[in-house]
Amino acid sequence: MMEESKRKGWKIGKRRKAALILAGCLIFAGMSFTVYSKYYKTRYEKGMAIASGFYFSSNYMYEEEGLEEIADIAELTRISGGKLVHEELVNQLMVAVNKQLWGDDSCLFDVEVRNYTNQLLYNDTDLNVGYTVEFTLLDVPIGAVYEIRKGSEGSYIRLENDGKGNVVKAGFEEALEGGKLSWDDYELKVSIDNSQGIDYQPSRVLMMAYPTSPDYLKNTKKIAGIIMADYNQRKMEITDQKLTVEDEADWDEADWKERLKKESAFVYQLKTTGNYYAQGNNNMKQKIRIIWDAELFELNKNDKYREENDANIEYKDGKGIMTIETMPYSSIKFVFFKKDNFDEKIEQSAMSWKDFSKSAFDAEIEL
């Protein structure tokens, strides 16, 4: 009986021991799996994806099927028989166009190379990634200069392409620190160049980036993209402004005083121009000030540009000033009525029509 109890106790103890060993193995396996998931393949095999946990991205460059087979930007832009060898792949790349207006005849793009996908997914502390990023022009620059630099200070490197195989590209070798969100900025500047009297046409700027260290990350991930700078003027221009009475058949500038006396109201017209995006969203509008001689003219009280209680109108030094918002390529008309003693006042004027019209009405872009 005693021996049977011992045997049962031995069996229970053995089971507990086995259970503890099994539990330990499971915990160890879980830890090993967690640790293992943080490591990366040490060998690249065609068609196999890289283990998750390695992050390498950009705001203008993305992965594209077939890109992993390309060694660098020189290979991607290789020409044979007068055409791009990898033209189909290049045409598949994402093309980004500027959303901002130009300033001082130039347009800036802030290109980032990142060690993360989002705020939560970034490379581990023990993974500092060395990488190369390259920039080149796919087309001959027409009416513009293309330059690139790291950060927002220092000298630019000019990108060139004469269409005959003579290409100047720019490359940077940098590293992204792991354990936190990390990124490098590159500033691409496109500047209008009127020195040769050629109208600007956008050229494609090709970018490509890929990891170079540690060794086991080489040839694991490549990203690329294209930037184009559509020209958008920083501000509109007023191309024409006048009283429409000048367009009438009986208009005689030499006899302008008598002609104005015949009118009870005048139409002041102005036209604007300037490049803008086809979407026509409101942020493309700009402010214009309409200025008139308030001692001679009174703006139509029902003018559509007048705000409630004339909030956008002020009177200063005998002038009326109304500030409005309008789009480029607008033709705007305002109706003004004569004030009392209008005829007597202009009869006493010694000004020419040109001087009078300039002092009576004006419009300007609000900077």
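The values are calculated or read from the model by the stated rules, or taken from the named source; none is laboratory data. All values reported here derive from a predicted model rather than from experimental measurement. Cβ placement follows ideal geometry from the backbone for every residue including glycine, while neighbour counts extend to all protein chains displayed. Calculation scope for accessible area: heavy atoms of the full protein, side chains included, ligands and nucleic acids excluded. Shrake-Rupley method; radii C 1.70, N 1.55, O 1.52, S 1.80 Å.
What the table shows:
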item	result
Added length on full extension, which subtracts the Cα-Cα distance from 0.36 nm per residue, ALA175 to MET228	16.4 nm
Theoretical FRET efficiency, 1/(1+(r/R0)^6), r = Cβ-Cβ of ASP193 and THR239, R0 30 Å, to 0.05	0.80
Net charge over other residues, Cβ less than 12 angstrom from the Cβ of LYS180 (K, R count +1; D, E count -1)	-1
Net +/- balance of residues flanking PHE109 in space, Cβ distance below 15 Å, scoring K and R +1, D and E -1	-2
Cross-link pairs LYS99/LYS180; LYS261/LYS304; LYS257/LYS338; LYS319/LYS345 - those with Cα-Cα distance over 23 Å	LYS99/LYS180; LYS261/LYS304
Calculated on alpha-carbon atoms, Rg and Dmax of segment 98-247 in Å	20.1, 79
Neighbourhood net charge (9 Å Cβ-Cβ; Lys/Arg +1, Asp/Glu -1) for THR132	-4
Label point distance in nm, ASP355-ASP105, each placed 7 Å from Cα along Cα→Cβ	3.5
Flagged links, alpha-carbon separation over 26 Å, of LYS271/LYS354; LYS189/LYS222; LYS262/LYS316	LYS262/LYS316
Solvent exposure ordering (accessible area, 1.4 Å, most first) of MET327, MET351	MET351, MET327
Rounded FRET efficiency, nearest 0.05, which uses the C-beta distance separating LYS287 from THR117 and R0 of 51 Å	0.80
Surface accessible to a 1.4 Å probe, ASP110 within the full protein complex, Å²	80
Ranked by how many other beta carbons lie within 10 Å on average, peptides 300-306, 218-224 from highest	218-224, 300-306
